[in-house]
1. For Cα pairs less than 8 Å apart in space and 6+ apart in sequence, what is the mean separation divided by the residue count of the chain, i.e. the relative contact order in percent?
2. Filter the chymotrypsin sites (Phe, Trp or Tyr not before Pro) in segment 241-316 to those in DSSP coil with at most 16 other Cβ atoms within 10 Å of their Cβ, and list the result.
3. If you plug each phi of segment 483-489 into the Karplus form 6.51 cos²θ - 1.76 cosθ + 1.60 with θ = phi - 60°, what whole-Hz ³J(HN,Hα) values come out, in order, with x for Gly and Pro?
4. Which angle from 0 to 90°, rounded to the nearest 10, does the C-alpha axis of helix 526-554 make with the longest principal axis of the chain?
5. Ignoring ligands, DNA and RNA, how do Lys287, Lys437 rank by accessible area with a 1.4 Å probe, largest first?
6. On a full-extension model of 0.36 nm per residue, what is the gain between Asp42 and Met436, subtracting their alpha-carbon distance, rounded to one decimal in nm?
7. Tell me which residues come under 5 Å, amide H to amide H, from Cys146 once H is placed; ignore anything under 5 positions away on its chain.
8. How many nm separate the modelled label positions at Phe302 and Glu197, each set 7 Å beyond the Cα in the direction of the Cβ?
Amino acid sequence: MEDITRGGQFLVKETKCENIFTPEDFSEEQIMMRDSVKEFVDKELWAHKDKFEKKDYAYTEEVMRKAGELGFLGVAVPEAYGGLGMGFVSTMLTCDYISGATGSFSTAFGAHTGIGTMPITLYGTEEQKLKYVPKLASGEWFGAYCLTEPGAGSDANSGKTKAELSADGKTYKINGQKMWISNAGFCNLMIVFARIENDKNITGFIVEYDPANTNGITLGEEEHKLGIRASSTRQVFFNDTVVPAENMLAGRGEGFKIAMNALNVGRIKLAAACLDAQRRTISGAVKYANERLQFNTPIANFGAIRSKLATMAANAYVGESASYRAAKSIEDRITAREAEGSTHQEAELKGVEEFAIECSILKVAVSEDIQNCADEGIQIFGGMGFSEDTPMESAWRDARIARIYEGTNEINRMLSVGMLVKKAMKGHVDLLGPAMKVAEELMGIPDFDTPDYSELFAEEKELIGKLKKSFLMVAGAAVQKYGPDLEAHQQLLMAASDMLIEIYMAESGILRTEKLAKAKGAENVKEQIAMAQLYLYNAVDIITQKGKEGIASFAEGDEQRMMLMGLRRFTKYVNMPNVVALRETIASKLVAENTYCF
C-alpha cells in the first residue's frame, strides 16, 4: 500500500499519467452499465422531464422503483445483501449517468443509495444489514436521512433531537424535529440522528416508517423549492417515536462520525451527479446555436458564443477527469486495505476517509461548474433560455442546490485546507519540508536558462509544479503565522482553498490528456489538448488572484514583497498560449459534431 498515493499527496508528489484512471479506461462491464443507465434515463426521465417540473412526486417514486428493478439502486451494495457489489468507480459511473436528466430524480437517487442506504452497509451490524439492505437495494423500500434541524445545518452535531432509553433498556423514545429531508414523502426507513442525555456527540438510529402505523412520526407538507421540484422534501417530527435498542447504528455517540463519513462519499458522488448534466446542457446549447440564425448566420459562428461553448466543454472535461481520477484512488485504497485483511466495511470507510480532501475539492469545483454551465446555456438560448419551454431554465434551477447540500461550498472550501493541515500535523503528508524548500528558493537567484519544452505538456507540467509551490508558499507562511488559530481566518482559508482546488483540477485534466495522447497520438486528440490547456490558463488566473488576496491578508513589508515576487514567478508562462485559438479548436469540434463529443 506504500506505493499508493495518499489523500492530499498530489500536492507534494509527482503523479505520472500512467498511474491515473480515466474514462477511457472503463472496462467492458462498466461501458455496458453506462449504456444501460443512459437508455433508462432517456426513456424514463428525459422523455418525461415535464412531469418532474410539475412536481409529480408519484412519478419520481415510480421511476425509483424501476431503477431498483434494474439493479441501479444496488450497484454499491455487496452481493451478500442483494446488491451488485461493483467497485467504487462503477458506483461513480452509475451516479454520473443516472443524474443528468433532472435534479429531482438525481436527488432522490443520491439520497436513497448514499445517505439512506450506505450508513447501514458501512456501520450496521450483520443483523441490521441482512434485515434492511436487501429491501433498499431492490427498491422495495426507500431510505431517507434525518440529520438537519432548524438550528443545526452546517453545525450538524448541534442537533436538539433527543433519544431516551426506556427503563428496561429495550427501546429508545425519540423526540424532535428534522427539516429538508429528501425522500421523506415515500420512504420506509429513516437514518435518524439524536442525542442521548447530554452526550457530546449525536447517535444514529435506524427508524422504520409506515404511514398506516406512524409510531409518533408526522410529516410536514412538501416544500416548494426553486429547483429539484419533484424531489420529495419535507419536515419530519418525532413525538415519542419508539425504536428498538438494537436499531442503534454503530455505538452510542458515534452518529457524528457516521454523518461526516457519509458526507465524504456524498461529496464525491455529488460531483459525479453534476457531470452528465453538463454534457446534456452543452449538447443542448450547441444544437440551439447551430439552429438559431441571426444576421443570416447560425449564432454558433459567432466568437462570443464559441468562447462560451469552449469554456463549458473544458470545465466539463476536466471535472470528469478529476472525478474519475479520485474515484480510482479511493477504489485502489479500498482494495489494498481488503488485501491486508480489513473487512469491506472497514476498507471502504478508511478508503473514502483517506481522500476526504479530494472529495471536498470535487464537490466545490464541479457543483460550481454545472451552475456556470447552465447559466451560459441560458445565455446562448437568449430569451428562449428564460422560458420553461426549453430545458435550460430547469437545468439552472436544479444546479443551484448542488452548492448547498452535502456541506455548503464555503464549508467544503475551509475543510479541504483544514484537513490538509491536519494530515501534515499527523505526518501523513509532508507539507513542511516542501514549504521550507519553496521559502529557500524565494531567497535564491532564479534560473534564467531557456527550458526544453519540445515534449507535449512539458511546460504545462512544469507550470503545475510551480502552482503547487505557490500554494505551499501561501499556506506554509499562513500556518507559521497563525498555527492552530488558522481556522479562525476564514477568508484566508477560502483563498488558499481556491488555489488548492484549481491545482488538482488542472493537473487532472493535463494527466488524462497526456495519457490519451500517448495512446492515440497528439494529432488525434488536439481538442482534448486544447481543453486541458484552456482550463490551466484559466486556473493560473484564479491562483494568481487568490494568491495575492491570501498574501495581502497576513504579510506586510519585505515579507509581502518577497511573496508577491514569488507568486509572479510561480504563475508565469514562458510561452503564453493563444487562448483564442484554443477556444476555436474546441468550439469547431463541438459545432461540427453538434453535441458534447468528448
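The values are calculated or read from the model by the stated rules, or taken from the named source; none is laboratory data. Because the structure is predicted, anything quoted here is derived from the model rather than measured. Counting neighbours? That spans all protein chains shown, and the Cβs are built from the backbone with ideal geometry, glycine included. Protein only, heavy atoms only, side chains kept; ligands, DNA and RNA dropped before computing areas. Shrake-Rupley method; radii C 1.70, N 1.55, O 1.52, S 1.80 Å.
1. This gives 15 percent for the chain.
2. For chymotrypsin sites (Phe, Trp or Tyr not before Pro) across segment 241-316 that sit outside H, G, I, E and B with at most 16 neighbouring Cβ atoms in 10 Å, the list reads Phe295, Phe302.
3. So the Karplus estimates, Gly and Pro as x, are x, x, 7, 4, 5, 7, 9 Hz.
4. 80
5. These residues rank, largest area first, as Lys437, Lys287.
6. Roughly 136.5 nm would be gained on extension.
7. The answer is Ile191, Val192, Phe193.
8. Those two pseudo-labels are separated by 6.9 nm.
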